[in-house]
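Chemist: Quick one: structure below, then a few questions.
The values are calculated or read from the model by the stated rules, or taken from the named source; none is laboratory data. Note that this is a predicted model, so its numbers are computed, not measured. Cβ sites come from the backbone with ideal geometry, for glycine too, and all protein chains shown count toward neighbours.
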């Protein structure tokens, strides 16, 4: 293993370790931070910035110097250069696109039917204003599979609908009914995110309404291989985590993963509120401003207090 690592050091330079991965500077995009991830066990690589990825055989063939016969002989003995199971890829993955329900009525419209009063009253009760309804293109269904539910759509960076949340406004036993599509392969409302500014991660879509430049994670988990995690890393985003207090374990896991990729992380203290969606935008703004940075040392302290 050490010999194999030293081979990649010889033509990629120094690295730092993150669990089972080694992070080098990427020779494809030459980003100033170490964003090329190499997994020695799986014999694959991926850049979190330019999305270049493939098998280590390609990386060796492309960048290792064949002029040094001794190095080349060692490489051929250590790395399986004939293994083309993972081909080199440097292309954008195809986005998920779905249709809104055919019964969808946008509550931002000027002329609305009389049965729109109930969903509008529900949104008003939750502290949403007309500008929120228009910004997030909120609507509802009066009939069909999503009858009596608020429809909260998500749009990718191209403006196509890639997911939606259907939340009951009449007290159904099942509050949420989502479409037959994956919420794990999308960035919810990527269209509305300013990636050059700090990003706030929240649990649900209604939390996002109260929070500037926020993204609902939908389920409180964020895998390092997800599109959202990759985009946070590639943009070197400053990240605020605003999950509910009872999701502290998930908060610690996500914060730890983000820190290992060199991102600046802050934790929003939600211990004195139900969730971000239950308070005013002004209160949320104050909580964000008073957030404290997360470090590996503070994570240990939080973990200890959680079990105390």
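Chemist: State all residues of the range 233-245 that are more than 15 Å from the chain's Cα centre (by Cα) and not in a loop (DSSP other than H, G, I, E, B); if no residue qualifies, say none.
Modeler: 245
Chemist: Just name the residue that is surrounded by the fewest Cβ atoms within 10 Å (Cβ to Cβ) out of those in the range 102-124 that are within 28 Å of the chain's Cα centre (by Cα) and assigned to a strand (DSSP E or B).
Modeler: Checking each candidate, the answer is 106.
Chemist: Here's a follow-up. Go through the range 125-147 residue by residue and tally those that are part of a loop (DSSP other than H, G, I, E, B) and crowded, with 20+ Cβ neighbours inside 10 Å. Step through it out loud before you land on a result.
Modeler: Let us first name the residues in the range 125-147 that are part of a loop (DSSP other than H, G, I, E, B), namely 126-129, 136-138, 142-147.
Next, from what is left, pick out any that are crowded, with 20+ Cβ neighbours inside 10 Å: 128, 136-138, 146.
Going through the range 125-147 one residue at a time, the tally reaches 5.
Chemist: Out of the residues in the range 246-265 that are over 15 Å from residue 295 (Cβ atoms) and in contact with a helix residue (DSSP H, G or I) (Cβ under 9 Å, 6 or more places away or on another chain), state the one that is surrounded by the most Cβ atoms within 10 Å (Cβ to Cβ).
Modeler: If we filter the range 246-265 for residues that are over 15 Å from residue 295 (Cβ atoms), which is where we start, we get 246-250, 253.
If we keep only those that are in contact with a helix residue (DSSP H, G or I) (Cβ under 9 Å, 6 or more places away or on another chain) too, we end up with 248-249.
On the way: 248: 17, 249: 13.
Looking at the filtered set, the residue picked out is 248.
Chemist: Sticking with this one: Take residues that are at pLDDT 85 or above and crowded, with 16+ Cβ neighbours inside 10 Å and tell me which of the strands (runs of 3 or more DSSP E) falling wholly in the range 1-87 contain 3 or more.
Modeler: Numbers: elements: 16-18, 21-24, 36-39, 44-47, 53-55.
Of the strands (runs of 3 or more DSSP E) lying wholly inside the range 1-87, those with at least 3 residues that are at pLDDT 85 or above and crowded, with 16+ Cβ neighbours inside 10 Å span 21-24, 36-39, 44-47.
Chemist: When you go through (1) surrounded by 20 or more Cβ atoms within 10 Å (Cβ to Cβ); (2) closer than 17 Å to residue 151 by Cα one by one for residue 172, which number turns out not to apply?
Modeler: (1)
Chemist: Here are some residues: 248, 215, 150. Which one is modelled with pLDDT of 95 or more and over 11 Å from the mean Cα position of the chain (by Cα)?
Modeler: Working: 248 fails: modelled with pLDDT of 95 or more; 215 fails: over 11 Å from the mean Cα position of the chain (by Cα).
150 is the lone residue from the list that is modelled with pLDDT of 95 or more and over 11 Å from the mean Cα position of the chain (by Cα).
Chemist: Only one of these is out of contact with any helix residue (DSSP H, G or I) (no Cβ under 6 Å at 6 or more places or on another chain), over 22 Å from residue 246 (Cα atoms) and outside any loop (DSSP other than H, G, I, E, B): 166, 208, 181. Name it. Break it down into steps so the answer makes sense when it comes.
Modeler: Working: 208 fails: over 22 Å from residue 246 (Cα atoms); 181 fails: outside any loop (DSSP other than H, G, I, E, B).
Of the residues listed, the single one that is out of contact with any helix residue (DSSP H, G or I) (no Cβ under 6 Å at 6 or more places or on another chain), over 22 Å from residue 246 (Cα atoms) and outside any loop (DSSP other than H, G, I, E, B) is 166.
Chemist: Another one. For the range 283-293, does any single residue satisfy the condition of being under 30 Å from residue 25 (Cβ atoms), touching a strand residue (DSSP E or B) at 6+ places or on another chain (Cβ under 7 Å) and buried (at least 19 other Cβ atoms within 10 Å of the Cβ)? Lay out the reasoning, then the answer.
Modeler: Taking the range 283-293 as the starting set, the residues that turn out to be under 30 Å from residue 25 (Cβ atoms) are 293.
Checking the rest, the ones that are also touching a strand residue (DSSP E or B) at 6+ places or on another chain (Cβ under 7 Å) come to 293.
Those left that are additionally buried (at least 19 other Cβ atoms within 10 Å of the Cβ): none.
Taking every residue of the range 283-293 in turn, none turns out to be under 30 Å from residue 25 (Cβ atoms), touching a strand residue (DSSP E or B) at 6+ places or on another chain (Cβ under 7 Å) and buried (at least 19 other Cβ atoms within 10 Å of the Cβ).
Chemist: Can you find, within the range 180-196, the residue that is farthest from residue 101 (Cα to Cα) among those that are surrounded by fewer than 20 Cβ atoms within 10 Å (Cβ to Cβ) and at pLDDT below 95?
Modeler: So, considering only residues that are surrounded by fewer than 20 Cβ atoms within 10 Å (Cβ to Cβ) and at pLDDT below 95, the one farthest from residue 101 (Cα to Cα) is 196.
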